[in-house]
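Notes to accompany the following structure.
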Amino acid sequence: MISILAFALIPVFFGLLLGYFAGRRGFVDNRDVHSLVRFVMNFALPCSLFLAIAHTDPRMLQSESRLVAVLGLVYLILFFGTLLADRRIFGSGTADNAVLALTLSFPNVTAVGIPLLDAVYGPTAAAATAMGIAIGAVTISPITLAILEHGTPTGHAKSQAAAVRGSLWKAVKRPVVWAPLLGVLAALIKLHLPDYVNRSLTVMGNATAGAALFLTGLIVSAQPFRLDGRVIAAMMAKNLMQPALCLGLAWLIGLSAVETRYAVLIVAIPCGFFGLVFGKGFNSSPLTASSSLIFSYAAGIVTLAGWIVFLGRLG
């Protein structure tokens with residue numbers, strides 16, 4: 001088991017630490033990361049998602065509808081739970097509140113999920129990983145953007161419903177959303193891609209994991225850190241409570257043991273960077289969100305290992 005954990009986790013944290021070191025030492029600009037974000041989200045990741053789903057057996061895709069439902073519910077529950085708790089208990093502003101909610105509810109499947117699930121469960125987990133990214137991209141991400149946009153002077157002129165519709169349309173136009181949808185279509189019609197097309201997309205897709213891990217470390221290196229009760233509670237909600245909720249919903253809905261392992265490990269992944277990236281565009285960088293992101297990864301060394309061991313014994 002120790003060798004399995006080392007094989008799965010060491011490459012992940014090596015990539016994160018490399019990005020963190022590069023940012024802290026000034027080898028790479030850790031303030032202006034938008035070019036690297038665009039490369040990962042608009043080019044490398046869409047190629048990876050398309051291939052992962054397009055090469056999946058159509059019967060397997062049809063059977064994963066319940067897994068999609070579980071992941072979507074788990075994301076939404078923690079997102080709206082964080083919005084409600086942070087506003088009522090701590091009185092945070094709307095923008096900061098939304099950034100924190102997205103940071104906690106959307107695990108970093110882009111950077112950590114792809115190499116982690118492949119190392120633990122093999123290529124068969126690729127479709128589930130792709131679904132985990134796509135679900136967050138079309139649900140809580142556009143909702144966050146709608147909340148942030150509504151807080152701007154021009155956004156106040158729009159109704160909340162209009163802002164959500166606009167954000168959803170922007171989300172659908174992004175390659176990270178329509179690429180997996182094209183992959184589903186390709187799988188259902190059993191589209192045969194020429195070898196040179198597969199190879200070309202593979203070359204770009206293979207850049208996703210390393211670039212996304214480096215990007216996450218780079219973003220973390222630019223964030224301030226303060227450990228307090230709110231940050232500890234946020235880490236526990238993300239690293240422990242969200243996976244436990246996912247496990248409960250999986251049992252309730254009746255997911256297979258294999259799908260349960262995929263879903264819970266996806267949700268057990270530490271905080272994603274979408275919230276902080278979105279927040280920068282709206283002058284919102286809450287200290288609780290950045291500190292929770294950092295602490296989630298520090299604690300993730302233990303919590304991820306614990307969930308991998310637990311799921312390995314799941315019957």
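The values are calculated or read from the model by the stated rules, or taken from the named source; none is laboratory data. Note that the structure is predicted; figures quoted are calculated from it, not measured. Don't worry about glycine lacking a Cβ; one is built from the backbone with ideal geometry, like all the others, and counts go over all protein chains shown. Calculation scope for accessible area: heavy atoms of the full protein, side chains included, ligands and nucleic acids excluded. Shrake-Rupley method; radii C 1.70, N 1.55, O 1.52, S 1.80 Å.
As a check on your grasp of the helix formula, calculate [θ] at 222 nm for the chain: sum -39500 (n - 2.57) over DSSP H runs of n ≥ 4, divide by the residue count, round to the nearest 500.
On the way: 18 runs with 233 residues, N = 315.
Estimated from H runs of four or more residues: -23500 deg cm²/dmol.
What distance in nm separates the two pseudo spin-label positions at Leu240 and Leu84, each 7 Å out from Cα along the beta-carbon direction?
Each label point lies 7 Å from its Cα, and together they span 2.2 nm.
Modelling each spin label as a point 7 Å along the Cα-to-Cβ direction, I'd like the Phe225/Leu18 distance in nm, to one decimal.
Going from the Phe225 label point to the Leu18 one covers 2.1 nm.
Cα gyration tensor of segment 42-142, axes a ≥ b ≥ c as square roots of the eigenvalues: rounded (a/c below 1.5), prolate (a/b > b/c) or oblate? Don't skip to the answer; put the middle values down first.
Details: a/c = 2.62, a/b = 2.12, b/c = 1.24.
In terms of gyration-tensor shape, prolate.
What's the extension gain from Thr124 to Ile10 if we count 0.36 nm per residue and subtract their Cα-Cα distance?
Numbers: separation 114, 0.36 × 114 = 41.04 nm, distance 2.12 nm.
Contour length minus Cα-Cα distance gives 38.9 nm.
Can you pull a Stokes-Einstein diffusion coefficient for segment 1-73 at 10 °C (1.306 mPa s), Rh from Kirkwood over Cα pairs, as a whole number of µm²/s? Kindly include the intermediate steps, with their values, before the conclusion.
On the way: Rh = 15.8 Å.
The Stokes-Einstein estimate is 100 µm²/s.
Ranked from the most accessible area to the least, with a 1.4 Å probe and all protein chains present, what is the order of His150, His192, His55?
On the way: His150 45, His192 150, His55 120 Å².
Greatest to least solvent exposure: His192, His55, His150.
What accessible area per residue comes out for the chain, rounded to a whole number of Å², with a 1.4 Å probe?
Details: 13970 Å² over 315 residues.
On a per-residue basis, the chain sits at 44 Å².
Accessible area of Asp32, 1.4 Å probe, to the nearest 10 Å²?
100
Between segment 74-124 and segment 295-315, what's the alpha-carbon centroid distance in Å?
Using only Cα atoms to place each centre, the spacing works out to 17 Å.
In the chain, what is the count of Lys pairs whose alpha carbons are under 27 Å apart, counting only pairs at least 8 residues apart or on separate chains? Before the final figure, lay out the partial values.
Numbers: Lys158/Lys170; Lys158/Lys173; Lys158/Lys280; Lys170/Lys280; Lys173/Lys190; Lys173/Lys280; Lys238/Lys280.
Here the count comes out as 7.
So what's the gap between the Cα centers of segment 262-288 and segment 186-217, to the nearest angstrom?
24
May I ask for the equivalent-ellipsoid semi-axes of segment 175-247, computed as the square root of five times each C-alpha gyration tensor eigenvalue and listed largest first in whole Å? Don't skip to the end; give the middle numbers.
On the way: eigenvalues 278, 76, 16 Å².
The answer is 37, 19, 9 Å, longest axis first.
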